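Asker: One structure follows; several queries about it will come next.
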Amino acid sequence: MLEIYFNEDLIDAKLIDFVPVIEDDGKIYLGEIVLRLEDGRMVAIVPVMRGMVPWLNLKIIDGHD
């Protein structure tokens with residue numbers, strides 16, 4: 001079921017912003033990715049540490065944060 005929502009909402013999303021970190025060895029890490037969905041909503045994909053495990057948090061940005 002979750003896959004259906006991702007496909008419907010994210011398939012036509014546009015990349016708005018991202019926070020890259022480039023290491024000395026050339027590896028690129030993204031600290032945050034911001035997408036604009038087709039209906040105008042914006043979603044930030046942000047890494048969050050939960051204990052020793054990094055997770056990706058999907059945050060809806062509505063302009064009231």
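The values are calculated or read from the model by the stated rules, or taken from the named source; none is laboratory data. Because the structure is predicted, anything quoted here is derived from the model rather than measured. Reconstructed Cβ throughout: ideal geometry from the backbone, glycine too, with neighbour counts over all protein chains shown.
Asker: Go through region 14-28 and count every residue that is out of contact with any Asp or Glu (no Cβ under 7 Å at 6 or more places or on another chain) and surrounded by 10 or more Cβ atoms within 10 Å (Cβ to Cβ).
Answerer: Residues of region 14-28 that are out of contact with any Asp or Glu (no Cβ under 7 Å at 6 or more places or on another chain), as a first pass: 14-17, 20-28.
This time we only want the ones that are surrounded by 10 or more Cβ atoms within 10 Å (Cβ to Cβ), so: 14, 16-17, 20.
The qualifying residues number 4.
Asker: Quickly run through region 13-46 and pick out the residues that are in a loop (DSSP other than H, G, I, E, B) and at pLDDT 90 or above. Reasoning before the result, please.
Answerer: Narrowing region 13-46 to residues in a loop (DSSP other than H, G, I, E, B): 13, 23-27, 37-41.
E23, D24, D25, G26, K27, listed by residue number.
Asker: What pairs come out if I take residues in region 45-58 that are closer than 17 Å to L15 by Cα and in contact (Cβ under 8 Å) with a residue 40 or more places away in the chain and pair them with residues that are among the aliphatic types (A, V, I, L, M) and assigned to a strand (DSSP E or B) whose C-beta lies under 9 Å away, six or more apart or interchain?
Answerer: Cβ pairs passing all conditions: none.
Asker: I've got another one for you. I'd like to verify a number: residues in region 48-65 that are at pLDDT 85 or above, assigned to a loop (DSSP other than H, G, I, E, B) and either touching a Lys or Arg at 6+ places or on another chain (Cβ under 9 Å) or of a type in the set (A, V, I, L, M, F, W, C) (or both), how many?
Answerer: 1
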